């Protein structure tokens, strides 16, 4: 009995030593001929093959066409300063938003999902905050202001009674007789934190301009309008250094045929609804082309839209509501430099009756505009939406 439960020696000295020169082939053949070992090996090979296919072809968003755009191509409205991407995330906990070098964009327009798109914020389960009662603009689309576009997506149209999206989607404005100052903040929709900050902390008279490549674009526009902001949709236009500086796959190219320009425009405009006009993203080369701008202006006129630019197209007119920024307020990315530009806007408004500035959705820009706007009325000026400065 004692021998039955005795512990086996580990590597006992009397144990026979394996012969290193044994027949390895015979051993392998014996292992393969074992049905249990053979079945296990086949199962492992199958699992490895499946895992390889998933790694190569798998896509958590399978079924939806994907366009990838480098985030480094989406900078400030113009002349993006060094460090723009880092400036978007001023708090350490927000850094994860820009770790990926690309973001995904469904190539399908909004017709393939409800117009009342919702927004999901990373790390949050609660819905977006409700806008202050009575302070919001009507939810888009408004009856009579849209028709079918690419894939059935709604595109802006002029209503049967002649009213236009430029009129009905603009923020209502009553002039007080004081000099008017307007500010447009662009690049919205790419970063959830800064977009939400602009929508919720800036006065409703500040016009917000959204990137067409933004995920959840309709939801952001709905939230902006619910908080009282009128909205512009940014149009990527060919810059002087294209294609080294590429604003994305639907960039309007100066040398394109008119039908190609209109086709791209319709795709861009089908991304969302509720904007009163378009704004430019880059475009130094495109706006210099008479033919390209004539096509662009005619397309906007046919749909009853305005065009508000960052100053690049200041010499361009056209039979559509137009406004151009007098200055970029955050070309130099510091609080003191932005304050200087904002004060220059006040000086220009006092001298000419109105003035408009354009900026990008940097945290520092949003904060300085918020503080500046809170004291504007006490300085004898009226904060106005960009639509109030637009003229034919």
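Screening the candidates 315, 301 for the property of being under 18 Å from residue 234 (Cα atoms) and free of Cβ contacts under 8 Å to residues at least 24 places away in the same chain yields one hit, 301. Scanning the range 216-231 for residues that are out of contact with any helix residue (DSSP H, G or I) (no Cβ under 7 Å at 6 or more places or on another chain) and either part of a strand (DSSP E or B) or within 10 Å of residue 274 (Cα to Cα) (or both) gives 221, 222, 225.
Every condition in (1) under 25 Å from residue 228 (Cβ atoms); (2) crowded, with 24+ Cβ neighbours inside 10 Å holds for residue 322 except the one numbered (2). List every residue pair whose Cβ atoms lie under 7 Å apart, where the two residues are 6 or more positions apart in sequence or sit on different chains, the first residue falls within the range 172-191 and is at positive phi, and the second residue, located anywhere, is part of a strand (DSSP E or B). Sorted first by the residue in the range 172-191, then by its partner, the pairs are 187/360; 189/210. Being closer than 21 Å to residue 328 by Cα, at pLDDT 95 or above and either in contact with a strand residue (DSSP E or B) (Cβ under 6 Å, 6 or more places away or on another chain) or surrounded by fewer than 24 Cβ atoms within 10 Å (Cβ to Cβ) (or both) is a description that applies to residue 230.
For the condition closer than 27 Å to residue 215 by Cα, in contact with a strand residue (DSSP E or B) (Cβ under 9 Å, 6 or more places away or on another chain), assigned to a loop (DSSP other than H, G, I, E, B) and in contact (Cβ under 8 Å) with a residue 12 or more places away in the chain, residue 261 does not qualify. Are any residues in the range 287-316 farther than 16 Å from residue 166 by Cα and part of a loop (DSSP other than H, G, I, E, B), and if so, which ones? The answer is 289, 310, 311, 312, 313, 314, 315, 316.
Answer yes or no as to whether residue 166 is in a helix (DSSP H, G or I), closer than 14 Å to residue 385 by Cβ and touching a helix residue (DSSP H, G or I) at 6+ places or on another chain (Cβ under 9 Å). In short, yes.
This table checks each residue for (1) touching a residue at least 60 places away in the same chain (Cβ under 8 Å); (2) surrounded by fewer than 24 Cβ atoms within 10 Å (Cβ to Cβ); (3) in contact with a helix residue (DSSP H, G or I) (Cβ under 9 Å, 6 or more places away or on another chain); (4) not in a loop (DSSP other than H, G, I, E, B).
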position: 203; (1), (2), (3), (4): yes, yes, yes, no
position: 214; (1), (2), (3), (4): no, no, yes, no
position: 244; (1), (2), (3), (4): no, yes, no, no
position: 268; (1), (2), (3), (4): no, yes, no, yes
position: 274; (1), (2), (3), (4): yes, no, yes, no
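Of all residues in the range 327-365, exactly one satisfies the criterion of being surrounded by fewer than 21 Cβ atoms within 10 Å (Cβ to Cβ), in contact (Cβ under 8 Å) with a residue 24 or more places away in the chain, in a helix (DSSP H, G or I) and in contact with a strand residue (DSSP E or B) (Cβ under 9 Å, 6 or more places away or on another chain), namely 346.
The values are calculated or read from the model by the stated rules, or taken from the named source; none is laboratory data. In this text the structure is predicted, and so the values were computed from the model without any measurement. No Cβ is skipped: glycine too gets one built from the backbone with ideal geometry, and neighbour counts run over all protein chains shown.
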